[in-house]
Amino acid sequence: MAIGPIGIAANPASGKDVRRLVARASVFDNQEKCAIIRRAVVGAMAASAREFRFLPDTHGITEAALEEFATELHFEPVDSPATGSALDTTRAARGLKEAGCAVVITLGGDGTNRAFALGWHDAPLVPVSTGTNNVFPRFVEATIAGAAAGLIATGAVALEEVAKPTKVICVEIEDEKDDLALIDAVLTRQRFVGSRALLDADQLQLALLTRAEPSAVGVTAIGGLIQPVSEDADHGLLLKMGEGGDIVYAPIAPGLYQDVSVRSVAAVSPGERIEIRGPGVLAFDGERERILKPGQKAWLRLERNGPRVVDTQRTLELAACRGVFRRKSTGETDAH
Amino acid sequence: MAEAQTTEARTLPYVAAITEGIRQVLLEQENAFVAGEDVAGAGGVYGSFKGLLAEFGERRVIDTPISEAGIIGLGVGAAATGCRPIIDLMFMDFLGECMDEVANQMAKMRFMFGGAAQLPITVLTMAGAGLNLAAQHSQSLEAWLCHLPGLKVMMPATPYDAKGSIIAAARDSNPVFVILNKMSLGLPGEVPEDPYEVPIGVANIVRPGTNFTIVAFGRMLHEALTAAEDLKADGIDTEVIDPITLQPFDTDTVIDSVKKTHRAMIVHEAVRFAGFGAEIAAQIQELAFDYLDAPVARVGAPFSPVPFSPGLEPHYVPNAKTIAAEARRTLGL
Amino acid sequence: MTSQPNDDTLRDMHRRMVRIRHFEETAGKMMEDGKIPGALHLYVGQEAIAAGIMVHLADTDQITSTHRGHGHLIAKGGDFNRMYAELFGKATGYCKGKGGSMHICDMDLGMLGANGIVGAGPPIAVGAAFANKFKDNGAVAVTFFGDGASNEGSVHEAANMAGLFKLPIVMVCENNGYGEYTAQKNHQAIVDVADRAAGYGMPGVVVDGMDVVAVYEAAGEAIDRARSGGGPTLLECKTYRYYDHVGVRGMGLSYRTDEEVMEWKKRDPIDLFEARLSEQDIMSKDDMAAVHETVKGELDVAIQFANDSPMPDPSTLLDDVYYVA
């Protein structure tokens, strides 16, 4: 009855960048990521999943995590050379897709899931947060995330029942390869990618948001505190920064509120192309990623064809209705 | 206490003399601080830092983690950047935990940097057996330190010398180890109230004599003095010299004495083999060979770790009787 | 909040990196030609770290270095003449010929010495940071150590004390993937040394050590935090040592592949930075070439100075063992 194996993509670099200082957070250590994978696997096994595919990361996190299940499970790495960059996650996404994974558990923050979606646009995801900025992945206990993934992988719950494609921003850059953002795409006045962090509101020029969440952190919150837009709504929001409009006091990064001058706010429909021009740096989901040279053009476009994010609560509710974890007592003490 | 006009000596125990010396350094030098394990809240495991936290506050009297390498390193770094740290190494036996900081950093930094660094750091530490603390809390390892160019090493035996050594060490702009003795903590002695220095590198002729020289340091000074009294019965008029400072060593005072007495013995608590006494003996034969009427004798601990048992430890550490016996043997009495 | 580097800062960092690169390339060649006595540990490949950090520091801020220390001194403002004189063992050197490469220092610049003992720097930097806090002088100490050194007890002790006393210090791990000749995977169970930060009660940050702007930004945050009383940070910079542990070709041991070296060289910190500077019209190719030429000229002068300088007089052998008032 299995639909396909469960993919695991853990980003060893998540939760360690310079935003940790601003966020007053300590480092998210890889031993804990390893433990999270183990708990997720336990959850998936409880739902009778036995097949796993994984991204062989430079830190060996997933391999180390799976080692203890060697006799009970079948797991294989997807063939992808580890480079220690975000490219690993993107390549792994392609590999996991080719391997026919029914669902993928990602460990990371917004940046990790973005890199994953670059390789597999509408990937079925159970994102577990181990990053610094987390709008996309939900805070969910890994055991339950694993159980939800297991239910999908075994077919106990159909993906279509608990997930629909998310909105994303497709980014075209003149003479260069395309890119993608899950939550927000921002043009900044900065000149370097540097430490990637987006910590200076004065540098923001323009932002396109797939959702504007007042209770989230990041550029999405700027819009969210003016005109909330949910993931369910079909439109997105375009913010142009500058004097003449409102000043919003927003948490632009974890642990960091700043005043942001917003000149204008406008709803944006799917398919609408927004042209921007360099010089500047494009930041996606809170991290500076691409440099635009002077005069170089780029286009931002909202689409609803992004990753299908599994609603873990709904998944477990359906499992409960269907009695997946329930059996009749034989009257004797009885182990699973 | 610095303002006191009297230098009248009072009787203080060794431990109180240590405290007074540190206290007067803290009063005198605004960049001085004390750091070590249990020195602040607890006042030191021997009570030698008692009251200092209350008087000087936690900025200047600092409890550290049990991290000897870290503490000594902290002292080296702070000294190189303008402070005058007094670092406590609770037991001398813990030198092994921080020997790199002592031997490769503290001792050599000034030389390696061509004189560009100045390291006014004082390290206080406790040596000595006698309290059944066994092999890792009873050693006398002064020879380890004396072998390192760049360090000064003092080993005061009396309350007077303890206070004066600490003040002299803290005023010196070199790394100075002041090796104290844990068996002597209650030893009473006259100690002037005002600050004073026991000059570094100057030996003290504690007991003048005419026909036999004993060089003894640390707690062995007191045993040697008792032995000297005993030897009087055999017509031996012993001169007892306490070098107080082992590095730099006051060779002149010892040689002058030997030239007068023609016979010499060195007494220390450390293991005799390759102990600091070997260096003194070598210097005597080099510089006063023609004056010697007997081989230079040495008394020290046997070549063994310090034992624990009350049945063994007294047989390990030299005492007045064993010193007198060895003196008689070497003098042919 | 550290702002982005302005054009002057960018040019300053470029110059510091170029100074290190040419100094080291020249020194490595001279060592292997037998013109420099003893052993040199070259910093080539790691320039972005020293430059991106040191540009934030004043002479009153202190650093402790490692056996691979030339780059740190150069980035802190070290004088080529006195450096080369020291490498040659001359009387005019930084240490009057007493220290050489592994103990090169400049106390006036707050450079508290390269160090021949792996892991010895952090406790000393903790002492400097302690003195800064004691004197309330607003200065920051930065200690550099490698992935290899991170396994030394002295580094743990120092880090613990830095966290405990909330000292103004940044602990910079230059993770070049090798402890001498042993790959990281064979010398520790973790890949990110920054993972240990939580155990010391401080934040840990990982940054791309081949990208000088990334280092600049992360170091700026950490240094500001230290300076304003926020306490220490463990800043791990991922980098690579182009040459051998010692020298250029060094001992000729086979412990890594040429492919691996080539792979890292594709992300050469100076090449990467120069491409960006040029793209952004901050420096033209000619501007950059002029920097290289000027630095080479300064090196020629320094080597001449070192050559012309006298050996230390044997009578100075015992000088500076002790301070004499």
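Of everything in segment C:274-309, what is closer than 19 Å to C:I36 by Cα and within 14 Å of another protein chain (Cβ to nearest Cβ)? Give them in sequence order.
Across segment C:274-309, the qualifying residue is only C:S309.
Evaluate the following for C:I117: is it within 13 Å of another protein chain (Cβ to nearest Cβ) and assigned to a loop (DSSP other than H, G, I, E, B)?
The answer is yes for C:I117.
Taking segment B:106-131, which residues are closer than 15 Å to C:D106 by Cβ and aliphatic (A, V, I, L, M)?
B:M109, B:M112, B:A116, B:A117
Name the single residue that is nearest to the other protein chains (Cβ to nearest Cβ) among those in segment B:77-98 being without any contact (Cβ under 8 Å) to a residue 40 or more places away in the chain and surrounded by fewer than 24 Cβ atoms within 10 Å (Cβ to Cβ).
This residue is B:E97.
Quick check: is even one residue across segment B:231-243 under 12 Å from the mean Cα position of the chain (by Cα) and away from every other protein chain (no Cβ under 14 Å)?
yes
Just name the residue that is nearest to the chain's Cα centre (by Cα) out of those in segment C:59-78 that are within 14 Å of chain B (Cβ to nearest Cβ) and among the hydrophobic types (A, V, I, L, M, F, W, C).
Among those that are within 14 Å of chain B (Cβ to nearest Cβ) and among the hydrophobic types (A, V, I, L, M, F, W, C), it is C:L73.
Of all the residues that make up segment C:280-311, how many are at pLDDT below 95 and touching a Lys or Arg at 6+ places or on another chain (Cβ under 6 Å)?
Final tally of qualifying residues: 1.
Of all the residues that make up segment C:245-275, how many are part of a loop (DSSP other than H, G, I, E, B) and within 25 Å of C:M54 (Cβ to Cβ)?
Number satisfying all stated conditions: 6.
C:D136: acidic (D, E) and over 21 Å from the mean Cα position of the chain (by Cα), yes or no?
Here the answer is yes, as C:D136 does meet what is asked.
Going by the structure shown, is C:V246 farther than 27 Å from A:S14 by Cβ and either within 12 Å of chain A (Cβ to nearest Cβ) or not acidic (D, E) (or both)?
yes
Condition first: charged (D, E, K, R) and within 29 Å of C:L318 (Cα to Cα). Now tell me which residues in segment B:150-186 satisfy that.
At the first step, the residues of segment B:150-186 found to be charged (D, E, K, R) are B:152, B:161, B:163, B:171-172, B:182.
Within segment B:150-186, B:K152, B:R171, B:D172 meet the criteria.
Suppose we filter segment A:1-34 for residues that are in a helix (DSSP H, G or I), among the aliphatic types (A, V, I, L, M) and in contact (Cβ under 8 Å) with a residue 40 or more places away in the chain; how many remain?
Qualifying residue count for the region: 1.
Of the numbered conditions (1) buried (at least 20 other Cβ atoms within 10 Å of the Cβ); (2) at the interface with chain C (Cβ under 9 Å from one of its Cβ atoms); (3) within 20 Å of the chain's Cα centre (by Cα), A:R91 satisfies every one except a single condition; which is it?
Status for A:R91: all satisfied but (2).
Can you go through B:E28, B:E55 and tell me which one is in contact (Cβ under 8 Å) with a residue 40 or more places away in the chain and more than 8 Å from chain C (Cβ to nearest Cβ)?
Being in contact (Cβ under 8 Å) with a residue 40 or more places away in the chain and more than 8 Å from chain C (Cβ to nearest Cβ) holds for just one of B:E28, B:E55, which is B:E28.
Among residues belonging to segment B:164-191 that are buried (at least 23 other Cβ atoms within 10 Å of the Cβ) and among the polar types (S, T, N, Q), point out the one that is farthest from B:H222 (Cα to Cα).
Among those residues, the one meeting the criterion is B:N174.
Could you list all residues from segment C:82-114 that are free of Cβ contacts under 8 Å to residues at least 60 places away in the same chain, touching a Ser or Thr at 6+ places or on another chain (Cβ under 7 Å) and either within 9 Å of chain B (Cβ to nearest Cβ) or of a type in the set (K, R) (or both)?
Correct list: C:R82, C:G110, C:L112, C:G113.
Kindly provide the set of residues from segment A:134-165 that are in contact (Cβ under 8 Å) with a residue 60 or more places away in the chain, touching a strand residue (DSSP E or B) at 6+ places or on another chain (Cβ under 7 Å), assigned to a loop (DSSP other than H, G, I, E, B) and not β-branched (V, I, T), ordered by number.
A:F136, A:A163, A:K164
Quick one: count up the residues across segment C:276-290 that are part of a helix (DSSP H, G or I), crowded, with 18+ Cβ neighbours inside 10 Å and of a type in the set (A, V, I, L, M).
Looking only at that region, the number is 2.
Within segment C:120-138, track down each residue that is surrounded by 24 or more Cβ atoms within 10 Å (Cβ to Cβ) and more than 8 Å from every other protein chain (Cβ to nearest Cβ).
C:G121
Counting only residues that are under 22 Å from the mean Cα position of the chain (by Cα) and among the hydrophobic types (A, V, I, L, M, F, W, C), give me the strands (runs of 3 or more DSSP E) lying completely in segment B:53-140 with at least 2 of them.
Because the criterion is at least 2 residues that are under 22 Å from the mean Cα position of the chain (by Cα) and among the hydrophobic types (A, V, I, L, M, F, W, C), the strands (runs of 3 or more DSSP E) in segment B:53-140 that meet it are B:84-89, B:122-127.
The values are calculated or read from the model by the stated rules, or taken from the named source; none is laboratory data. Just so you know, these numbers come straight off a predicted model, no measurement behind them. Glycine also receives a Cβ, built like all others from the backbone with ideal geometry; neighbour counts cover every protein chain displayed.
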